[in-house]
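Enquirer: The structure is given below, and queries will be raised subsequently.
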Amino acid sequence: MMEVIDFLRNNPFLSGLLLGFVAVLFVWLRGLLRYRSLSREMAKLKESLYTKMQIDAKGQMARENELEQLRKANEHLRVTVRSLQSKPGRAEIRQLHVYDRAIHAMLARAPGFAPTWEMVLKEAEDEVAQAETGITAFMRKVFTSQKQIPTEGGEQKLIDHDDSGKD
């Protein structure tokens, strides 16, 4: 061993070369260990990415199925609404709702509309009450039962109005 040390002291090139090999060996071993740890970490990341992609794919499929079910339910409800709107008397009820909303809007916007409306409404209620309890109610029942309900017009009109153009 002493001979090797003396030989290296006498030849500085060989001692530098030996020191370089030791340094290279040290760096190579460190790199090899780092490569193994990075390979393990990359394998774990790939596995977690694969798991995440599977979960996302299942979630996407569930969302698509739910969306398709909601579309079917929406179409079913749309058909139901159309069929309910086409039933006799629905157009008149819808028109009454429109009038009700318009009246409430007028009550809120027009300052002079409310008192006049209340007076006219009271008069109309009194007239209807008299018509329902008096002789006019009896006459209306007698003559209405003899009339035929129109079938050509499609729906029975609940509200009569004059279309002659008078305001």
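Enquirer: Please go through the range 77-92 and give me each residue that is at pLDDT below 80, out of contact with any Leu (no Cβ under 6 Å at 6 or more places or on another chain) and part of a helix (DSSP H, G or I), ordered by number. Can you show your working first?
Expert: If we filter the range 77-92 for residues that are at pLDDT below 80, which is where we start, we get 84-92.
With out of contact with any Leu (no Cβ under 6 Å at 6 or more places or on another chain) added as a condition, the list becomes 84-91.
Residues satisfying the conditions are Leu84, Gln85, Arg90, Ala91.
Enquirer: Run Leu14 past the list (1) over 30 Å from Leu121 (Cα atoms); (2) surrounded by 10 or more Cβ atoms within 10 Å (Cβ to Cβ); (3) out of contact with any helix residue (DSSP H, G or I) (no Cβ under 7 Å at 6 or more places or on another chain) and report the number of the one that doesn't hold.
Expert: Leu14 satisfies every listed condition except (3).
Enquirer: Can you tell me which residues in the range 128-159 are at pLDDT 65 or above and under 25 Å from Pro88 (Cα atoms)? I'd like the intermediate steps shown before the answer.
Expert: Going through the range 128-159, the residues at pLDDT 65 or above turn out to be 128-134.
If the condition is that a residue be at pLDDT 65 or above and under 25 Å from Pro88 (Cα atoms), then Val128, Glu132 are the ones that fit.
Enquirer: Please work out which residue is modelled with the highest pLDDT, limiting yourself to the range 95-127 and to residues that are under 28 Å from Gln85 (Cα atoms) and of a type in the set (Val, Ile, Thr). Full working, then the answer.
Expert: Residues of the range 95-127 that are under 28 Å from Gln85 (Cα atoms), as a first pass: 95-106.
From what is left, the residues that are of a type in the set (Val, Ile, Thr) are 98, 103.
Values: Val98: 82, Ile103: 79.
Restricting to residues being under 28 Å from Gln85 (Cα atoms) and of a type in the set (Val, Ile, Thr), the top hit is Val98.
The values are calculated or read from the model by the stated rules, or taken from the named source; none is laboratory data. This structure is a prediction, so every number in the text was calculated from the model and none was measured. Cβ sites come from the backbone with ideal geometry, for glycine too, and all protein chains shown count toward neighbours.
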